[in-house]
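The values are calculated or read from the model by the stated rules, or taken from the named source; none is laboratory data. All values reported here derive from a predicted model rather than from experimental measurement. Cβ: placed from backbone, ideal geometry, glycine included. Neighbour counts: every protein chain shown.
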Amino acid sequence: MKYTIGLDYGSDSCRALVVEVETGKEVASSVKYYKRWAKQEYCIPHKNQYRQHPLDYVEALEESVKEALSLSPKGTAENVVGISFDTTGSTPVLIDKDGLPLALRPEFTENPNAMFVLWKDHTSIAEAARINELAAKSEIDYTSHVGGIYSSEWVWAKMAHVLNVDESIRDAAYSWVEHCDWMPALLTDITKPEEMIRSRCSAGHKAMWLEEWGGLPPDSFLEAISPHLKGFRSHLFEKTYTSDAKVGNLTAEWAQRLGLSTNVAVGVGAFDCHMGAVGVEIGAKTFVRVIGTSTCDIMVASYEKMKNKLVPGICGQVDGSVLPGMVGLEAGQSGFGDIYAWFKSVVAWPIENIVAKSTLIDDATKAKLVEEALDQIIPALSEEASKIKVEDSTVLAIDWMNGRRTPDASQLVKGTITGLNLASDAPLIFKALVEATAFGSKAIVDRFLENGIEIETVIGIGGIPLKSPLVMQTLADVLNMPIKVAKSEQACALGAAMFAAVAAGAHQDIATAQTKMGQGFAMEYYPIKENHEAYMKVYQDYKTLGGFTEETFFS
């Protein structure tokens with residue numbers, strides 16, 4: 001039996017998944033949380049600064065792979081043939097001439113600007129606005145294939161920002177690399193910036209790379225974004241690769257550190273949502289939603305379908321970014337599960353700040369009480385919210401607590417809650433937040449449909465689809481579409497394992513890997529007609545309120 005390992009790097013942790021190549025059976029897995037990130041080191045939430053130290057990634061890699069292999073049947077490690085990565089994105093870092101992230105150099109080890117800039121870091125709003133201004137005036141609109149709006153969540157804005165604000169790193173900063181490209185480079189020792197194998201997925205969706213205009217935007221355009229980007233283009237790349245390609249093999253050092261052999265092939269990386277879509281067997285007319293702290297929505301379409309067509313306001317359409325031989329389309333919401341987590345923290349304030357400090361009970365009992373209360377907040381809110389009829393819900397919310405990704409990216413906008421009165425309790429507000437995330441999802445679906453992109457199947461991936469009937473039923477009702485829930489809890493890592501199998505030559509192409517290794521679906525939610533009809537009236541209010549608040553406060 002041959003095996004591959006899919007490495008899924010999320011916002012909080014790394015998951016290693018060991019998979020049988022021939023059947024797709026998930027043999028073992030291990031999750032390791034980023035130690036520094038768990039303590040929110042290098043993050044300033046009120047300034048939208050979210051940075052991750054490269055050592056968190058390296059340590060989580062080694063620990064998760066070794067533990068997953070230790071939980072696998074004897075002899076598994078010797079028969080691993082491939083390994084591939086998916087990561088959040090855009091999550092880039094500045095690197096030196098040798099391809100070393102600056103935070104791994106002693107003089108920058110505690111400098112947040114020398115670390116990976118997480119996708120949800122929105123400190124570069126001004127730089128993103130500058131890119132959009134320049135693109136509008138340019139003879140070639142370099143944002144045309146990324147929805148016509150460049151986001152502060154993406155690489156050029158992030159790199160320009162850290163260089164603009166931090167003189168100390170400018171001389172050492174020679175180039176940049178996305179997290180999904182750095183991991184394969186690290187394991188194969190192909191780290192020179194000009195030699196690194198770069199992902200089509202990350203380059204096309206976040207770096208304005210397009211083969212038709214010669215790759216990346218020209219020096220003149222990049223220098224106009226920031227003079228500190230001068231020379232970067234020549235230290236980057238012209239060619240990009242789809243994720244079925246092989247970067248190289250594990251070095252002797254990494255083979256020893258992971259307990260594997262140097263025969264293990266390392267595949268080209270990609271973003272988590274793209275590999276997750278592959279993991280649930282995406283095809284034409286399939287709308288895949290990776291639902292977690294945020295959402296990432298993925299579709300694929302034929303070259304013929306996308307000929308001379310540009311979908312405005314999405315996160316890009318890129319040849320081969322999902323499936324080789326098809327155009328990948330990306331959209332999403334900047335906040336989804338994060339919004340529920342935020343409301344939980346609001347509700348939990350007295351528990352964490354009053355009950356946790358009580359002197360009326362012993363410490364052991366108090367700790368158990370606090371833990372139980374925190375664990376039950378979301379389930380209890382969900383249970384009560386599910387009892388509220390659509391027509392009885394008087395609260396209306398807008399889901400832009402972390403800005404808006406799609407349609408029409410803007411990190412300036414903020415969330416809204418209205419319709420409150422003295423009878424508005426926590427379950428009612430929570431229901432409004434769930435509805436808001438569903439309405440934000442419908443706005444994305446509408447944008448695709450309005451531009452002739454057909455949707456026949458909707459698939460949900462991740463913890464929320466598997467754990468929250470309230471969220472998924474509300475989503476089905478609002479979209480008026482059945483939603484299949486992927487059986488695998490680790491669809492992104494499974495997709496990475498599929499690509500690893502192709503990179504290693506164990507399957508001839510990704511279509512074969514999907515057929516052989518796919519896991520199917522756990523359940524399906526069907527829309528309730530009367531709920532959909534009621535929600536369409538509320539959806540019109542959602543659009544009116546969103547338009548009013550954006551124009552009045554954030555334009």
**Request:** Go through (1) surrounded by fewer than 19 Cβ atoms within 10 Å (Cβ to Cβ); (2) of a type in the set (A, V, I, L, M); (3) under 21 Å from residue 290 (Cβ atoms) and name the single condition residue 479 misses.
**Result:** (1)
**Request:** Would you please name the residue that is surrounded by the fewest Cβ atoms within 10 Å (Cβ to Cβ), looking only at residues in the range 151-172 that are within 24 Å of residue 203 (Cβ to Cβ) and of a type in the set (A, V, I, L, M)?
**Result:** 172
**Asked** Which residues, taken from the range 52-75, are small (Gly, Ala, Ser) and crowded, with 16+ Cβ neighbours inside 10 Å?
**Response** 60, 64, 68, 72
**Request:** Any chance you could count how many residues in the range 365-401 are under 27 Å from the mean Cα position of the chain (by Cα) and under 25 Å from residue 353 (Cα atoms)?
**Result:** 9
**Fill in**
Of those in the range 137-174 that are hydroxyl-bearing (Ser, Thr, Tyr) and closer than 19 Å to residue 107 by Cα, the residue nearest to the chain's Cα centre (by Cα) is 174
**Request:** Determine whether the range 178-186 contains at least one residue that is over 16 Å from residue 208 (Cβ atoms), without any contact (Cβ under 8 Å) to a residue 60 or more places away in the chain and part of a helix (DSSP H, G or I).
**Result:** no
**Asked** What residue, of 30, 84, 64, 11, is within 23 Å of the chain's Cα centre (by Cα), hydroxyl-bearing (Ser, Thr, Tyr), at pLDDT below 95 and under 22 Å from residue 490 (Cα atoms)?
**Response** 11
**Message:** Exactly one condition in (1) in contact with a Phe, Trp or Tyr (Cβ under 8 Å, 6 or more places away or on another chain); (2) within 21 Å of residue 174 (Cα to Cα) is false for residue 88; which is it?
**Reply:** (2)
**Request:** Filter the helices (runs of 4 or more DSSP H) completely within the range 462-555 down to those with at least 1 residues that are of a type in the set (Lys, Arg), closer than 30 Å to residue 17 by Cα and over 23 Å from the mean Cα position of the chain (by Cα).
**Result:** 510-517
**Request:** Can you tell me which residue among 417, 444 is part of a strand (DSSP E or B) and aliphatic (A, V, I, L, M)?
**Result:** 417
**Message:** Suppose we keep only residues that are of a type in the set (Gly, Ala, Ser) and in contact (Cβ under 8 Å) with a residue 60 or more places away in the chain within the range 519-555. Which one would you say is nearest to residue 436 (Cα to Cα)?
**Reply:** 546
**Asked** Which of the residues spanning the range 33-51 are loosely packed, with under 14 Cβ neighbours inside 10 Å, within 21 Å of residue 335 (Cβ to Cβ) and among the basic types (Lys, Arg)?
**Response** 47
**Prompt:** Out of the range 16-50, which residues are more than 20 Å from residue 86 (Cβ to Cβ), among the charged types (D, E, K, R) and not in a helix (DSSP H, G or I)?
**Reply:** 22, 39, 41
**Item:** Subset of the range 402-433 (residues that are out of contact with any strand residue (DSSP E or B) (no Cβ under 9 Å at 6 or more places or on another chain) and buried (at least 23 other Cβ atoms within 10 Å of the Cβ))
**Value:** 430, 431
**Item:** Output for the range 76-101, where each listed residue is surrounded by fewer than 24 Cβ atoms within 10 Å (Cβ to Cβ) and either at negative phi or among the acidic types (Asp, Glu) (or both)
**Value:** 76, 77, 78, 79, 81, 96, 97, 98, 100
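Results for (1) within 25 Å of residue 378 (Cβ to Cβ); (2) surrounded by fewer than 15 Cβ atoms within 10 Å (Cβ to Cβ); (3) out of contact with any Asp or Glu (no Cβ under 9 Å at 6 or more places or on another chain), shown as yes or no for each residue.
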{"residue": "447", "(1), (2), (3)": "no, no, no"}
{"residue": "499", "(1), (2), (3)": "no, no, no"}
{"residue": "534", "(1), (2), (3)": "yes, no, no"}
{"residue": "540", "(1), (2), (3)": "no, yes, yes"}
**Complete:** Going through the range 245-274 in order, the residues found to be touching a Phe, Trp or Tyr at 6+ places or on another chain (Cβ under 6 Å) and either in a strand (DSSP E or B) or farther than 15 Å from residue 61 by Cβ (or both) are 267, 268
**Message:** Exactly one condition in (1) hydroxyl-bearing (Ser, Thr, Tyr); (2) more than 26 Å from the chain's Cα centre (by Cα); (3) farther than 15 Å from residue 99 by Cβ is false for residue 240; which is it?
**Reply:** (2)
**Request:** Would you check which residues across the range 273-305 are among the acidic types (Asp, Glu) and touching a strand residue (DSSP E or B) at 6+ places or on another chain (Cβ under 9 Å) and list them?
**Result:** 281, 297
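Considering only the range 376-409, state which residues are of a type in the set (Asp, Glu), at pLDDT 95 or above and over 30 Å from residue 132 (Cα atoms).
Selection gives 383, 384.
Restricting attention to the range 295-307, which residues are buried (at least 24 other Cβ atoms within 10 Å of the Cβ) and either farther than 19 Å from residue 481 by Cβ or among the acidic types (Asp, Glu) (or both)?
Correct list: 297 only.
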